1. Roughly what angle does helix 124-143 make with the longest principal axis of the chain, taking Cα atoms, 0 to 90 degrees, to the nearest 10?
2. As a footprinting exposure proxy, order Ile136, Ile34, Ile71 by other Cβ within 10 Å, with the fewest listed first.
3. For P(r) over Cα pairs in 10 Å bins from 0, in percent, pick the label among [x] 11, 33, 22, 10, 8, 7, 5, 3, 1, 0; [y] 10, 30, 31, 21, 7, 1, 0; [z] 11, 43, 36, 10, 0 that corresponds to the value derived from the coordinates.
4. Using the beta-carbon distance between Glu102 and His59 and R0 = 25 Å, what value does 1/(1 + (r/R0)^6) give for FRET efficiency, to the nearest 0.05?
5. What's the center-to-center distance, using Cα atoms, between the range 75-106 and the range 34-71 in Å?
6. Any chance you could run the full-extension gain for Arg109 through Ala51? It's 0.36 nm times the residue separation minus the Cα-Cα distance, nm to one decimal.
7. Compute a Gaussian network model of the chain, connecting alpha carbons closer than 10 Å, and tell me which residue from Glu126, Glu43, Glu81 fluctuates the most.
8. Tell me the relative contact order for the range 4-143 as a rounded percent, counting alpha carbon contacts under 8 Å between residues six or more apart.
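Just so you know, all these numbers are worked out from the coordinates, no wet-lab data involved. Please read these numbers as outputs of a predicted model, since none were measured by experiment. Virtual Cβ from ideal backbone geometry, glycine too; neighbours counted across all protein chains shown.
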Amino acid sequence: MKDSSDDLLDLVHTVMHEYRSLQYRFLRDGPHGITHMDGKVLEYFASHPGATQSDLVAHSGRDKAQLGRLIKGLRERGLLEAVSDAADRRSVRLSLTATGKEVRAALQRQAKRLSVKAVAGLDQTEQAQLARLLRIVKNNLSAADA
């Protein structure tokens, strides 16, 4: 029989899986075919305009080749633009195009709709309690030795 803590973490995983599935379903099937990782990359460059692929690798801890393929695809779809760094021509600075900004805004709107839907039926006190409990779980995992 499973320990109740296993059940709780499975539930958290299931909730996040459902959230991501709903969040990207409408964009994945749209003209740009956005995936979860595409959305993460767009969000990074929206928050860090002019950053480089190396900056993203350092921030995310993801594989350089994987991120290079994602960036290449986003550039080919017209969602990211690249400009050579004036001080170092080998370095390329990336930022969202106008279309990339529109896609990011759509992702943010969808995230807001899903957040409201997810907590429907919970009052403000219950929402605050849920947030507090999830922060404790996150902090416990962050402090845990592997």
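1. Compared with the principal axis, the helix lies near 70 degrees.
2. The fewest-first ordering by Cβ neighbours comes to Ile136, Ile71, Ile34.
3. So the calculated entry is the one marked [y].
4. Using R0 = 25 Å, I get an efficiency of 0.60.
5. Using only Cα atoms, the two centres lie 11 Å from each other.
6. That pair, Arg109 and Ala51, stretches by 18.4 nm at full extension.
7. Glu126
8. 22
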